[in-house]
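Working notes for the structure below.
The values are calculated or read from the model by the stated rules, or taken from the named source; none is laboratory data. Just so it is clear, the structure is predicted and the values come from calculations on it, not from any experiment. So basically every Cβ, Gly included, is an ideal-geometry build from the backbone, and we count neighbours across all protein chains shown.
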Amino acid sequence: MKAYLGCDIGRARAENQDSIRAENYPDGVLAIVCDGMGGMENGSAASKIAIAAAEDAFRASYHTGMTDEDVCDLLRSCAADANQKVYRAAVSSRMRSRMGTTLVGAFVRPETACIVNIGDSRAYLIPKDGAFRQITTDHTVVQLLYEQGMITAEERTTHARRNELMRAVGVSSRVLADIQAVPLDPGDKVLLCSDGLYSMVSFQRIEEIVRETPAEQVPEVCIAEANANGGRDNISVILLTDEQED
């Protein structure tokens, strides 16, 4: 597996609060996107603390041959560790409830993607044969309203509360992470991103870019498109793909 990364401040923000990371392992790739919240310095610090904590925890415990269930359990533990580190930093700096970050991570091996997410940074599956789809669920007020039938799918993008998170890393001493293992076929791709991408670029257009653009150029093209459409937030993109396909 191979990872292609891109991160950009966008056109409207004074600081980039996103943090991204990808690390190769003998049998897979770990990739993480964190989108900080709580003011410029606090959001940037939160995303950096969270991504470092999650990566360190994974590196310390992962070994070749772990089952998908074991990897999912490890990702859950990594998210919990990240949450504790950010929460403690927030409390010690007197920024409690004003410092946090989203987190979406994936450990991708040839046959499986193990995914963890907290907040509204997303993971998408781009099958070689099949429908492009979002594989994480946003932990937002508008997603809950949509699931309750109170708003339509289209209204989620324009609703006044579209930026309100129901879960985030570091805001409380504990947070629930969503964990899943997604089967992969040869040629399938996984895309991780912050909301700076999908709030600026349509679902259909993201699919077109991933399917029609050489893998190594996908992050750059996604970021350029988001900026061309306004670039109202920081933009992070990681594409994970079967190296043989490239």
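With Val175, Val221, Val190, Val169 as the choices, which residue is in contact (Cβ under 8 Å) with a residue 24 or more places away in the chain, over 22 Å from Gly43 (Cα atoms), surrounded by 14 or more Cβ atoms within 10 Å (Cβ to Cβ) and not basic (Lys, Arg)? Can you show your working first?
Values: Val175 fails: over 22 Å from Gly43 (Cα atoms); Val221 fails: in contact (Cβ under 8 Å) with a residue 24 or more places away in the chain; Val169 fails: over 22 Å from Gly43 (Cα atoms).
Residue meeting the stated conditions: Val190.
Does the stretch 70-77 contain at least one residue that is out of contact with any Phe, Trp or Tyr (no Cβ under 7 Å at 6 or more places or on another chain), over 21 Å from Arg21 (Cα atoms) and in a helix (DSSP H, G or I)?
yes
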* Asked: Mind checking which residues of the stretch 1-18 are in contact with a Gly (Cβ under 7 Å, 6 or more places away or on another chain) and either under 25 Å from Thr112 (Cα atoms) or hydrophobic (A, V, I, L, M, F, W, C) (or both)?
  -> Met1, Ala12
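So if I check each of Thr213, Thr241, which one is surrounded by fewer than 17 Cβ atoms within 10 Å (Cβ to Cβ), among the β-branched types (Val, Ile, Thr) and modelled with pLDDT of 95 or more?
On the way: Thr241 fails: surrounded by fewer than 17 Cβ atoms within 10 Å (Cβ to Cβ).
Within the list Thr213, Thr241, the selection yields Thr213.
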* When you scan the stretch 177-214, how many residues do you find that are within 23 Å of Asp81 (Cα to Cα), part of a loop (DSSP other than H, G, I, E, B) and in contact with a helix residue (DSSP H, G or I) (Cβ under 9 Å, 6 or more places away or on another chain)? -> 1
* To do: Take Asp188 and decide whether it is among the acidic types (Asp, Glu), touching an Asp or Glu at 6+ places or on another chain (Cβ under 8 Å) and closer than 21 Å to Met37 by Cβ.
  => no
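Specify which of the listed residues (Ala60, Ala153, Ala89) is hydrophobic (A, V, I, L, M, F, W, C), farther than 19 Å from Leu192 by Cβ and at pLDDT 95 or above.
The unique qualifying residue is Ala60.
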* Could you please let me know if Arg88 is farther than 27 Å from Val210 by Cβ, surrounded by fewer than 20 Cβ atoms within 10 Å (Cβ to Cβ), charged (D, E, K, R) and touching a Gly at 6+ places or on another chain (Cβ under 7 Å)? => no
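Would you pick out the residues in the stretch 156-183 that are among the polar types (S, T, N, Q) and closer than 17 Å to Tyr198 by Cβ?
Within the stretch 156-183, the subset among the polar types (S, T, N, Q) is 157-158, 163, 172-173, 180.
Thr157, Thr158, Asn163 - these are the residues of the stretch 156-183 that are among the polar types (S, T, N, Q) and closer than 17 Å to Tyr198 by Cβ.
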* Structure fact -> The residue that is nearest to Ser199 (Cα to Cα), considering only those in the stretch 21-36 that are surrounded by fewer than 23 Cβ atoms within 10 Å (Cβ to Cβ) and under 14 Å from the mean Cα position of the chain (by Cα), is Arg21
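Give the stretch 53-69 a look and list any residue that's of a type in the set (A, V, I, L, M), free of Cβ contacts under 8 Å to residues at least 24 places away in the same chain and under 18 Å from Ala22 (Cα atoms), or say none. Break it down into steps so the answer makes sense when it comes.
Residues of the stretch 53-69 that are of a type in the set (A, V, I, L, M), as a first pass: 53-54, 57, 60, 66.
Cutting the leftovers down to free of Cβ contacts under 8 Å to residues at least 24 places away in the same chain gives us 60, 66.
Residue satisfying the conditions is Ala60 alone.
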* For the stretch 39-49, does any single residue satisfy the condition of being in a strand (DSSP E or B) and either among the hydrophobic types (A, V, I, L, M, F, W, C) or modelled with pLDDT of 95 or more (or both)? -> no
